[in-house]
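Asker: Have a look at this one before I ask anything.
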Amino acid sequence: MVLGGGAAGLYCGARLAEHGLSVLVLDHARRPAEKVRISGGGRCNFTNIHTSAANFVSQNPHFAKSALARYSPWDFCDRVAKRGLTWHEKTLGQLFCDQKSGAIIDMLVEDFTKPGGELRLETSIGEIDHRDGRFHVGTSNGPVTADRLVVATGGLSIPKMGASGLAYDIARKFGHDIEPTRPALVPFMFSGDLKDAFSDLSGVSCMVDAKAGTGPDFHEAMLFTHRGLSGPAMLQASTYWRESQPVEIDLAPGAPLLDNLNEARKAKPRMTLTSWLGTRFPARLAQFVASWPGLPGDKQIGQLSNAEMDALTTALKNWKVTPVGTEGWRTAEVTAGGIDTGGLSSQTMESKHLPGLYFIGECVDVTGWLGGYNFQWAWASAVACAAAITNR
Ligand code: FDA
């Protein structure tokens, strides 16, 4: 029995059914894999060709290695290609479906149901027990039993879409620890003057290097919004961010700023600093930066002192802003934290506390970066689990 008919649950169910096992997938939603439908702006960014364990956040950074090594992005591409679907690389190794995301869902559902898998939707899950060597699950459509139970009910992000903490409740019940959960791949919110300023800049975007907490620098686009900061760079940083920490932003990544400014000073000494900033940034952002305390926005660049030029480069390369929070579960693409990997086998996803119980996909404390990594984890953990069950 598989709880959760999302990406991981259906993919695991299909592999089990294909091996002739009798498999039931239960889901409380009206339609399966709704997150696949809305993913990648409707084109499902289904994997990333650069996937390695380094693209995931977990208390145990080694945990994902085994499953990821045994099921690569190209393995999933093979499956997609056999289905007659095509894809393109958008940026940074991100593979998007040329067809709509629904085509991936149809593939997942048919792969599961054709070999005899049964998908029961709109089914609420109640009490779960393990006795006499079997799992007993109370559901809104009556009790069900199975000798193996795969939990694939995902994380807490987007409750409106049916996200629930069921996986964590089941894990706790059978003795597992939960790594504290938090919304990840989520926009930042600000208050006061910064919120007002960002709201004025809403819609403006620029390339930055952004970093939070112990995370790496992400060289991606940042977007100003009515509430704060978003765009891929901010979503990536959010996964590493903790409350009251600043986000560190380099607004001029890779640019030899002082050299550029000195060249401009020679060529156009009477140009104002605001105008010079306007050669690098959208006009509204240039005006905002020029208004920062300590920067002489209306001064001619030919008259800038060394100290003023230093202040400018430091301000642009080391801009630190402290969000008041994130947009939370309402818009977070994933859940960071989750079922502690210490209680699971990295080879099989099986519980170390109760043989026959498995956890796969987003509910596990393995959180991918933005860009197809989370689906790759869903496929790879599903395959590891199914392989273990079918080889028994
Ligand atoms: P998933 O959430 O897919 O499935 C869980 C299933 O369990 C759901 O069908 C749900 O209805 C069911 N369920 C939950 N609680 C239940 C309960 N109590 N009883 C019964 N059923 C229950 N990733 C990526 O790699 N590329 C991308 O392009 C995107 N884009 C994206 C956009 C948006 C807006 C979001 C919210 C997320 C993404 N993601 C993504 C992340 C990706 O969608 C996510 O990591 C995977 O769907 C996780 O797969 P799972 O199968 O683990 O959970």
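The values are calculated or read from the model by the stated rules, or taken from the named source; none is laboratory data. Everything numeric in this text was worked out from a predicted model, so none of it was measured. Positions of Cβ are backbone-derived with ideal geometry, glycine not excepted, and every protein chain shown enters the neighbour counts.
Asker: Within the range 301-372, considering only strands (runs of 3 or more DSSP E) that don't extend past its boundaries, which have at least 2 residues that are in contact with a Cys (Cβ under 8 Å, 6 or more places away or on another chain)?
Answerer: Answer list for the range 301-372: 334-339.
Asker: So which residues in the range 19-31 are within 10 Å of the ligand (Cβ to nearest atom), surrounded by 19 or more Cβ atoms within 10 Å (Cβ to Cβ) and either under 23 Å from P115 (Cβ atoms) or of a type in the set (A, V, I, L, M, F, W, C) (or both), if there are any at all?
Answerer: Hits for the range 19-31 are V25, L26, D27.
Asker: Within the range 285-305, can you find the residues that are surrounded by 16 or more Cβ atoms within 10 Å (Cβ to Cβ) and within 37 Å of the chain's Cα centre (by Cα)?
Answerer: Once the filter is applied, which keeps residues that are surrounded by 16 or more Cβ atoms within 10 Å (Cβ to Cβ) and within 37 Å of the chain's Cα centre (by Cα), the range 285-305 yields L285, A286, Q287, F288, V289, A290, L295.
Asker: Now a separate question. Could you tell me which residue of the range 2-18 is nearest to the ligand (Cβ to nearest atom), considering only residues that are of a type outside the set (G, A, S) and under 11 Å from R120 (Cα atoms)?
Answerer: Here the answer is L3.
Asker: Check the range 325-335 and report whether any residue there is over 20 Å from G9 (Cα atoms), acidic (D, E) and modelled with pLDDT of 95 or more.
Answerer: Scanning the range 325-335, I find at least one residue that is over 20 Å from G9 (Cα atoms), acidic (D, E) and modelled with pLDDT of 95 or more, so the answer is yes.
Asker: Moving on. Checking the conditions here, which among G203, G228 is crowded, with 18+ Cβ neighbours inside 10 Å, farther than 30 Å from A7 by Cα and not aromatic (F, W, Y)?
Answerer: G228
Asker: Here is a further query. Restricting attention to the range 242-252, does a residue exist that is surrounded by 16 or more Cβ atoms within 10 Å (Cβ to Cβ) and farther than 30 Å from R330 by Cβ?
Answerer: yes
Asker: Could you please let me know if E308 is buried (at least 18 other Cβ atoms within 10 Å of the Cβ) and not basic (K, R)?
Answerer: Taking the combined requirement at face value, the residue does not satisfy it.
Asker: Which condition breaks for G213 when tested against (1) over 29 Å from the mean Cα position of the chain (by Cα); (2) surrounded by fewer than 16 Cβ atoms within 10 Å (Cβ to Cβ)?
Answerer: Here G213 meets the rest and fails (1).
Asker: On to the next question. Just wondering, is there one or more residues in the range 276-292 that are within 30 Å of R70 (Cβ to Cβ), away from the ligand (no atom under 16 Å from the Cβ), among the β-branched types (V, I, T) and touching a Leu at 6+ places or on another chain (Cβ under 8 Å)?
Answerer: no
Asker: Something else: Between V208, V186, which is crowded, with 18+ Cβ neighbours inside 10 Å and assigned to a strand (DSSP E or B)?
Answerer: Exactly one of V208, V186 is crowded, with 18+ Cβ neighbours inside 10 Å and assigned to a strand (DSSP E or B), namely V208.
Asker: Filter the range 336-354 for residues that are within 16 Å of the ligand (Cβ to nearest atom) and not β-branched (V, I, T) and give the result.
Answerer: Correct list: A336, G337, G338, L344, M349.
Asker: Within the group A384, A388, A332, which residue is of a type in the set (G, A, S) and within 9 Å of the ligand (Cβ to nearest atom)?
Answerer: Exactly one residue qualifies, and that residue is A332.
Asker: Need pairs with beta-carbon distance below 6 Å; first residue without any contact (Cβ under 8 Å) to a residue 40 or more places away in the chain and within the range 268-284, second loosely packed, with under 15 Cβ neighbours inside 10 Å; sequence gap 6+ or separate chains.
Answerer: P269/G302; T272/D298
Asker: While we're here: What number of residues in the range 355-371 are within 10 Å of the ligand (Cβ to nearest atom) and either surrounded by fewer than 24 Cβ atoms within 10 Å (Cβ to Cβ) or under 8 Å from the mean Cα position of the chain (by Cα) (or both)?
Answerer: So the count comes out to 5.
Asker: Does at least one position in the range 206-215 carry a residue that is touching a Leu at 6+ places or on another chain (Cβ under 8 Å), free of Cβ contacts under 8 Å to residues at least 60 places away in the same chain and within 30 Å of F288 (Cα to Cα)?
Answerer: yes
Asker: Here's something else I'd like to know. Return the residue satisfying two criteria in turn: it lies in the range 322-336 and is in contact with a strand residue (DSSP E or B) (Cβ under 6 Å, 6 or more places away or on another chain) and surrounded by fewer than 17 Cβ atoms within 10 Å (Cβ to Cβ), and of such residues it is farthest from K195 (Cα to Cα).
Answerer: G328
Asker: I'd like to check something: does the range 214-229 contain any residue that is over 11 Å from P323 (Cβ atoms), assigned by TED's automatic domain parsing to the domain that holds T314, touching a Phe, Trp or Tyr at 6+ places or on another chain (Cβ under 8 Å) and among the aliphatic types (A, V, I, L, M)?
Answerer: No, there is no match, as no residue in the range 214-229 is over 11 Å from P323 (Cβ atoms), assigned by TED's automatic domain parsing to the domain that holds T314, touching a Phe, Trp or Tyr at 6+ places or on another chain (Cβ under 8 Å) and among the aliphatic types (A, V, I, L, M).
Asker: So if I check each of E350, E327, E333, which one is touching a Pro at 6+ places or on another chain (Cβ under 6 Å) and touching a residue at least 12 places away in the same chain (Cβ under 8 Å)?
Answerer: E327
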